[in-house]
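Presented below is the structure to which this report refers.
The values are calculated or read from the model by the stated rules, or taken from the named source; none is laboratory data. On a predicted model such as this, the values are computed, not experimentally measured, just so you know. As a convention, Cβ positions derive from the backbone with ideal geometry for all residues, glycine included, and neighbour counts pool all protein chains shown. Calculation scope for accessible area: heavy atoms of the full protein, side chains included, ligands and nucleic acids excluded. Shrake-Rupley method; radii C 1.70, N 1.55, O 1.52, S 1.80 Å.
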Amino acid sequence: MKKVIILTGPGGSGKTAIAKLLKKNLNYTILDGDREDTEFFPKGGQWFKKNFHKLTKAHNKILEKTKALVEKGKKIVVDYIIFGQYIEFFSKFQKEFGKNLQIAILFPNKQEIISRDKKRKCWTTGEKRIKTVYKEFEEIQNQIGKDKYLDTSNQSAKESFEKYFKS
(Lines give C-alpha, C1' and ligand atoms only; values in the text may rest on other atoms or scores of the structure.)
Protein backbone atom coordinates (compact mmCIF):
# COMPACT_ATOMS: atom_id res chain seq x y z
CA MET A 1 0.00 0.00 0.00
CA LYS A 2 1.01 3.60 -0.56
CA LYS A 3 2.07 5.86 2.29
CA VAL A 4 -0.35 8.59 1.20
CA ILE A 5 -3.75 8.23 -0.41
CA ILE A 6 -5.63 11.30 -1.58
CA LEU A 7 -9.26 10.25 -1.46
CA THR A 8 -11.32 12.81 -3.31
CA GLY A 9 -14.47 13.23 -5.36
CA PRO A 10 -17.72 15.16 -5.15
CA GLY A 11 -19.62 15.39 -1.88
CA GLY A 12 -21.54 12.18 -1.25
CA SER A 13 -19.11 10.00 -3.23
CA GLY A 14 -18.05 8.01 -0.15
CA LYS A 15 -14.72 9.56 0.78
CA THR A 16 -15.19 9.59 4.54
CA ALA A 17 -16.74 6.12 4.68
CA ILE A 18 -13.83 4.62 2.75
CA ALA A 19 -11.29 6.64 4.76
CA LYS A 20 -12.73 5.10 7.92
CA LEU A 21 -12.34 1.62 6.42
CA LEU A 22 -8.72 2.40 5.52
CA LYS A 23 -8.15 3.44 9.12
CA LYS A 24 -9.89 0.43 10.63
CA ASN A 25 -8.50 -2.25 8.32
CA LEU A 26 -5.12 -0.93 7.15
CA ASN A 27 -4.10 1.40 9.99
CA TYR A 28 -4.20 4.65 8.01
CA THR A 29 -4.45 7.97 9.79
CA ILE A 30 -7.25 10.14 8.43
CA LEU A 31 -6.43 13.74 7.60
CA ASP A 32 -9.78 15.48 7.18
CA GLY A 33 -9.21 18.25 4.64
CA ASP A 34 -12.51 19.92 5.50
CA ARG A 35 -11.42 20.24 9.12
CA GLU A 36 -7.99 21.51 8.10
CA ASP A 37 -9.29 24.26 5.83
CA THR A 38 -11.78 25.55 8.43
CA GLU A 39 -9.08 27.90 9.74
CA PHE A 40 -9.28 29.72 6.40
CA PHE A 41 -12.98 29.11 5.67
CA PRO A 42 -14.99 29.07 8.90
CA LYS A 43 -18.15 29.84 6.90
CA GLY A 44 -17.32 27.87 3.73
CA GLY A 45 -16.86 29.45 0.31
CA GLN A 46 -13.69 27.59 -0.64
CA TRP A 47 -14.79 27.45 -4.28
CA PHE A 48 -15.17 31.21 -4.80
CA LYS A 49 -12.46 32.64 -7.08
CA LYS A 50 -11.96 35.54 -4.67
CA ASN A 51 -10.71 32.99 -2.11
CA PHE A 52 -7.98 31.53 -4.34
CA HIS A 53 -5.12 32.72 -2.11
CA LYS A 54 -6.75 31.41 1.06
CA LEU A 55 -7.40 28.09 -0.66
CA THR A 56 -3.74 27.84 -1.62
CA LYS A 57 -2.80 28.40 2.02
CA ALA A 58 -5.25 25.70 3.12
CA HIS A 59 -3.81 23.25 0.59
CA ASN A 60 -0.27 24.01 1.72
CA LYS A 61 -1.32 23.40 5.32
CA ILE A 62 -2.78 20.01 4.35
CA LEU A 63 0.43 19.10 2.52
CA GLU A 64 2.66 20.15 5.43
CA LYS A 65 0.55 18.25 7.93
CA THR A 66 0.65 15.16 5.69
CA LYS A 67 4.45 15.42 5.41
CA ALA A 68 4.82 15.70 9.19
CA LEU A 69 2.67 12.62 9.77
CA VAL A 70 4.54 10.57 7.15
CA GLU A 71 7.84 11.60 8.76
CA LYS A 72 6.49 10.06 11.98
CA GLY A 73 6.01 6.78 10.11
CA LYS A 74 2.27 7.03 9.58
CA LYS A 75 0.28 6.08 6.48
CA ILE A 76 -2.13 8.90 5.64
CA VAL A 77 -5.44 9.10 3.83
CA VAL A 78 -6.38 12.68 2.92
CA ASP A 79 -10.18 12.93 2.81
CA TYR A 80 -10.93 16.10 0.86
CA ILE A 81 -12.89 17.48 -2.11
CA ILE A 82 -10.03 19.92 -2.96
CA PHE A 83 -12.28 22.71 -4.37
CA GLY A 84 -11.07 23.76 -7.78
CA GLN A 85 -7.28 23.68 -7.58
CA TYR A 86 -7.16 19.97 -8.31
CA ILE A 87 -4.16 19.84 -10.63
CA GLU A 88 -2.03 22.09 -8.42
CA PHE A 89 -2.98 20.08 -5.31
CA PHE A 90 -2.16 16.75 -6.95
CA SER A 91 1.09 18.11 -8.40
CA LYS A 92 2.34 19.28 -5.01
CA PHE A 93 1.60 15.90 -3.45
CA GLN A 94 3.10 14.02 -6.42
CA LYS A 95 6.27 16.07 -6.18
CA GLU A 96 6.54 15.39 -2.44
CA PHE A 97 5.54 11.71 -2.28
CA GLY A 98 6.18 10.34 -5.78
CA LYS A 99 5.57 6.58 -5.95
CA ASN A 100 4.31 6.60 -2.35
CA LEU A 101 1.19 8.52 -3.43
CA GLN A 102 -2.10 7.12 -4.67
CA ILE A 103 -4.72 9.48 -6.05
CA ALA A 104 -8.21 8.00 -5.88
CA ILE A 105 -11.14 9.97 -7.23
CA LEU A 106 -14.38 8.36 -6.14
CA PHE A 107 -16.69 8.85 -9.06
CA PRO A 108 -20.04 7.06 -8.93
CA ASN A 109 -22.65 8.33 -11.35
CA LYS A 110 -24.08 11.75 -10.65
CA GLN A 111 -27.57 10.59 -9.67
CA GLU A 112 -26.17 8.12 -7.16
CA ILE A 113 -24.04 10.81 -5.52
CA ILE A 114 -27.03 13.13 -5.24
CA SER A 115 -29.11 10.32 -3.73
CA ARG A 116 -26.35 9.43 -1.23
CA ASP A 117 -25.92 13.08 -0.30
CA LYS A 118 -29.63 13.47 0.49
CA LYS A 119 -29.52 10.46 2.82
CA ARG A 120 -26.59 11.69 4.90
CA LYS A 121 -27.33 12.49 8.51
CA CYS A 122 -24.43 14.83 9.23
CA TRP A 123 -24.74 17.43 6.47
CA THR A 124 -25.42 17.62 2.76
CA THR A 125 -23.51 19.20 -0.07
CA GLY A 126 -26.56 19.93 -2.17
CA GLU A 127 -27.42 18.96 -5.72
CA LYS A 128 -26.17 22.17 -7.36
CA ARG A 129 -22.73 22.00 -5.73
CA ILE A 130 -22.41 18.26 -6.47
CA LYS A 131 -23.15 18.86 -10.16
CA THR A 132 -20.58 21.66 -10.29
CA VAL A 133 -17.82 19.61 -8.66
CA TYR A 134 -18.72 16.57 -10.75
CA LYS A 135 -18.31 18.64 -13.92
CA GLU A 136 -14.97 20.02 -12.69
CA PHE A 137 -13.69 16.47 -12.14
CA GLU A 138 -14.95 15.40 -15.58
CA GLU A 139 -13.08 18.29 -17.22
CA ILE A 140 -9.71 17.30 -15.77
CA GLN A 141 -10.02 13.54 -16.22
CA ASN A 142 -7.56 13.38 -19.12
CA GLN A 143 -4.98 15.46 -17.23
CA ILE A 144 -5.14 13.34 -14.08
CA GLY A 145 -5.60 9.97 -15.74
CA LYS A 146 -8.77 7.95 -16.12
CA ASP A 147 -7.20 5.13 -14.09
CA LYS A 148 -7.48 7.32 -10.97
CA TYR A 149 -11.27 7.61 -11.35
CA LEU A 150 -12.99 4.83 -9.45
CA ASP A 151 -16.56 4.09 -10.44
CA THR A 152 -18.15 3.16 -7.15
CA SER A 153 -21.71 3.18 -8.51
CA ASN A 154 -23.95 0.57 -6.96
CA GLN A 155 -21.32 -0.35 -4.37
CA SER A 156 -21.32 0.05 -0.64
CA ALA A 157 -18.28 1.71 0.92
CA LYS A 158 -17.11 -1.73 2.05
CA GLU A 159 -17.42 -3.15 -1.48
CA SER A 160 -15.49 -0.20 -2.91
CA PHE A 161 -12.82 -0.55 -0.22
CA GLU A 162 -12.39 -4.26 -0.98
CA LYS A 163 -12.30 -3.72 -4.74
CA TYR A 164 -9.91 -0.77 -4.86
CA PHE A 165 -7.89 -0.61 -1.63
CA LYS A 166 -7.69 -3.89 0.24
CA SER A 167 -5.03 -5.56 -1.89
Practice task
Please name whichever of Gly12, Pro42, Phe165 sits farthest to the positive end of the charge dipole of the chain, dipole taken about the Cα centre and charges placed at Cβ: Lys and Arg +1, Asp and Glu -1.
Solution key: Pro42
Practice task
Set Lys and Arg Cβ to +1 and Asp and Glu Cβ to -1, take the dipole of the range 1-153 about its Cα centre, and tell me which of Gly126, Leu26, Val77 lies farthest positive.
Solution key: Leu26
Exercise for the section: Any chance you could get the radius of gyration and Dmax over the Cα atoms of the range 67-167, in Å? Expected result: 14.7, 40
Problem - Accessible area expressed per residue, the chain, with surrounding protein chains retained (probe 1.4 Å, Å²) - result: 56 Å²
Problem - Span-like helix ranges in the chain, DSSP H, alpha carbon extent 20 angstrom or more, Kyte mean at least -1.0 - result: 52-71
Exercise for the section: Quick one: among Asp79, Asp34, Asp147, which has the greatest mean-square fluctuation in a GNM of the chain with alpha-carbon springs under 10 angstrom? Expected result: Asp147
Practice task
Give me D for the range 1-151 in µm² s⁻¹, whole number, from Stokes-Einstein with Rh from the Kirkwood sum over alpha-carbon pairs, 4 °C and 1.567 mPa s.
Solution key: 83 µm²/s
Completion exercise
Here, Asn154 and Glu88, labelled 7 Å along Cα→Cβ, have an inter-label distance in nm of 3.9 nm
Handout entry: Within the range 7-126: Cβ-based charge dipole about Cα centre, in debye rounded to nearest 20 (Lys, Arg +1; Asp, Glu -1)
Key = 220 debye
Practice task
As a check on your grasp of the helix formula, calculate [θ] at 222 nm for the chain: sum -39500 (n - 2.57) over DSSP H runs of n ≥ 4, divide by the residue count, round to the nearest 500.
Solution key: -15000 deg cm²/dmol
Practice task
Please report how far the C-alpha centroid of the range 31-93 lies from that of the range 110-167, rounded to the nearest whole angstrom.
Solution key: 19 Å
Exercise for the section: Can you figure out the FRET efficiency of Glu127 with Lys54, using R₀ = 25 Å and their beta-carbon distance, to the nearest 0.05? Expected result: 0.45
Practice task
Mind listing the long-range amide H neighbours of Ile5? Cut-off is under 5 Å, sequence gap 5 or more, other chains count too, H placed in the peptide plane at 1.01 Å from N.
Solution key: Ile76, Val77, Val78, Gln102
